[in-house]
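Note sheet for the following structure.
The values are calculated or read from the model by the stated rules, or taken from the named source; none is laboratory data. Computed from a predicted structure; not experimentally measured. Here Cβ is always computed from backbone atoms with ideal geometry, including for glycine, and neighbour counts include all displayed protein chains. Keep in mind that these areas ignore ligands, DNA and RNA; they rest on the heavy atoms of the full protein, side chains included. Shrake-Rupley method; radii C 1.70, N 1.55, O 1.52, S 1.80 Å.
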Amino acid sequence: MPTSVLDELLKSAPVVLDGAWGTQLQMRGLPVGACPDEWNLSHPELVEEVARAYVAAGSQIILTNTFGSNPVTLQRHGLADQVVAINRAGVQISRRAAAGRAKVFASIGPSGVMLMMGEKTPDELRAAFAVQAEALAQAGADGLVIETMSDPAEALLALEAARATGLPVVVCMTFDSGKNRDRTMMGTTPEQAAEQLTAAGADVIGANCGAGPENYVEICRRLKAATDRPIWIKPNAGLPEVVNGQTVYRLSAEDFSKYVPQLLDAGASFIGGCCGTTPEFIRAICRVLGRA
């Protein structure tokens with residue numbers, strides 16, 4: 001199991017992750033509905049600004065602007081021929097920003113197709129993730145993060161493709177459904193996800209997006225009880241509200257950071273933020289940990 005990078009990081013656990021990228025890029029002019037990943041080629045300096053801000057705030061791991069850089073998603077934006085270039089640039093940008101002060105774990109998001117609807121076969125999806133994972137590994141990523149997954153079947157295909165690179169692989173599901181908001185959109189519980197992902201060889205298992213930190217304390221505890229792998233948690237800045245057509249997250253950095261001790265008690269080894277969080281949220285986490 002490729003754990004040397006993880007072993008090194010976990011010596012100083014809890015490990016501080018980064019925050020949101022999409023909302024940060026929108027603040028820098030990315031139009032709503034545009035492809036954020038394409039900015040790796042057209043606006044690399046603005047993407048690097050986001051990454052640098054997280055390193056400066058205290059992130060020990062930063063991600064890459066490659067969440068939607070699998071061939072299936074990029075094809076919808078007319079960028080199918082740019083898959084390798086976009087992924088390679090994403091890693092290079094984050095590595096420049098990290099400048100040796102943080103590790104770079106490359107982001108792999110869902111394809112946006114439903115396997116159960118037969119839009120793509122499992123083999124086609126696995127092959128698409130393999131193209132992305134290989135490009136990220138070749139560009140020098142320290143690890144891979146498969147995130148915001150709702151369908152365990154898709155997560156397992158991405159994991160299989162990512163493991164073939166030999167890099168450490170983190171897999172995160174999104175728990176935002178059911179009356180207690182403790183299931184994925186496909187009805188998967190934290191226990192089911194943890195058991196399946198552990199058996200399939202994920203090095204780190206976690207949850208991101210979909211809910212705020214108050215919801216993810218219990219999710220974290222349940223994941224931890226169902227696996228021997230370290231737990232990675234990146235909640236949103238609360239639940240989103242739509243105000244005048246704009247998505248707004250109400251939770252402040254200070255209020256978000258108050259949940260850090262509870263997340264640690266619940267078993268989190270890696271803590272950061274997802275949608276609506278900013279470098280200020282990462283600074284707040286560091287303050288709570290006595291690292292400011």
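Below, the figures for the structure above:
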{"read-out": "Those residues of the range 106-155 which are within 13 Å of the chain's Cα centre (by Cα) and over 16 Å from CYS209 (Cβ atoms), in sequence order", "value": "ALA106, GLY143, LEU144"}
{"read-out": "Selection status of LEU263, of a type outside the set (Asp, Glu) and outside any loop (DSSP other than H, G, I, E, B)", "value": "yes"}
{"read-out": "Given (1) open to solvent by 20 Å² or more (accessible area, probe 1.4 Å); (2) modelled with pLDDT of 95 or more, number of the condition THR247 does not satisfy", "value": "(2)"}
{"read-out": "Test: ALA193 is modelled with pLDDT under 95, open to solvent by less than 10 Å² (accessible area, probe 1.4 Å) and not in a strand (DSSP E or B)", "value": "no"}
{"read-out": "Test set (1) under 17 Å from MET185 (Cα atoms); (2) open to solvent by 30 Å² or more (accessible area, probe 1.4 Å); (3) among the aliphatic types (A, V, I, L, M) - ALA155 fails condition number", "value": "(2)"}
{"read-out": "Qualifying residue in the range 55-62 (condition: among the hydroxyl-bearing types (Ser, Thr, Tyr), within 17 Å of the chain's Cα centre (by Cα) and farther than 20 Å from GLY206 by Cβ)", "value": "no"}
{"read-out": "Test: residue in the range 54-61 that is of a type in the set (S, T, N, Q) and open to solvent by less than 10 Å² (accessible area, probe 1.4 Å)", "value": "yes"}
{"read-out": "Residues satisfying the stated conditions in the range 226-236, i.e. buried (at least 20 other Cβ atoms within 10 Å of the Cβ) and assigned to a loop (DSSP other than H, G, I, E, B)", "value": "THR227, ARG229, PRO230, PRO235, ASN236"}
{"read-out": "Test result for GLU214, charged (D, E, K, R) and without any contact (Cβ under 8 Å) to a residue 12 or more places away in the chain", "value": "no"}
{"read-out": "Among residues of the range 142-152, those that are open to solvent by 10 Å² or more (accessible area, probe 1.4 Å) and either out of contact with any strand residue (DSSP E or B) (no Cβ under 8 Å at 6 or more places or on another chain) or farther than 15 Å from SER111 by Cβ (or both), counted", "value": "2"}
{"read-out": "Leading residue by the ranking (farthest from LEU46 (Cα to Cα)) among those in the range 69-100 that are within 17 Å of the chain's Cα centre (by Cα) and open to solvent by 10 Å² or more (accessible area, probe 1.4 Å)", "value": "THR73"}
{"read-out": "Listing of helices (runs of 4 or more DSSP H) fully contained in the range 1-97 that carry 3 or more residues being free of Cβ contacts under 8 Å to residues at least 24 places away in the same chain", "value": "4-10, 44-57"}
{"read-out": "Residue list for the range 91-121, restricted to those being in contact with a strand residue (DSSP E or B) (Cβ under 7 Å, 6 or more places away or on another chain) and within 18 Å of GLU147 (Cα to Cα)", "value": "VAL91, SER94, LYS103, VAL104, PHE105, ALA106, SER107, ILE108, GLY109, PRO110"}
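Each row is one residue, and each column tells you yes or no for (1) open to solvent by 10 Å² or more (accessible area, probe 1.4 Å); (2) of a type in the set (Gly, Ala, Ser); (3) more than 25 Å from PRO235 (Cβ to Cβ).
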{"residue": "ALA106", "(1), (2), (3)": "no, yes, no"}
{"residue": "MET117", "(1), (2), (3)": "yes, no, yes"}
{"residue": "LYS120", "(1), (2), (3)": "yes, no, yes"}
{"residue": "LEU136", "(1), (2), (3)": "no, no, no"}
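Rundown of residues vs (1) part of a helix (DSSP H, G or I); (2) touching an Asp or Glu at 6+ places or on another chain (Cβ under 6 Å), yes/no style:
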{"residue": "ALA211", "(1), (2)": "no, yes"}
{"residue": "GLU214", "(1), (2)": "yes, no"}
{"residue": "CYS220", "(1), (2)": "yes, no"}
{"residue": "LYS224", "(1), (2)": "yes, no"}
{"residue": "GLY238", "(1), (2)": "no, no"}
{"residue": "GLU241", "(1), (2)": "no, no"}
{"residue": "ASP255", "(1), (2)": "yes, no"}
{"residue": "SER269", "(1), (2)": "no, no"}
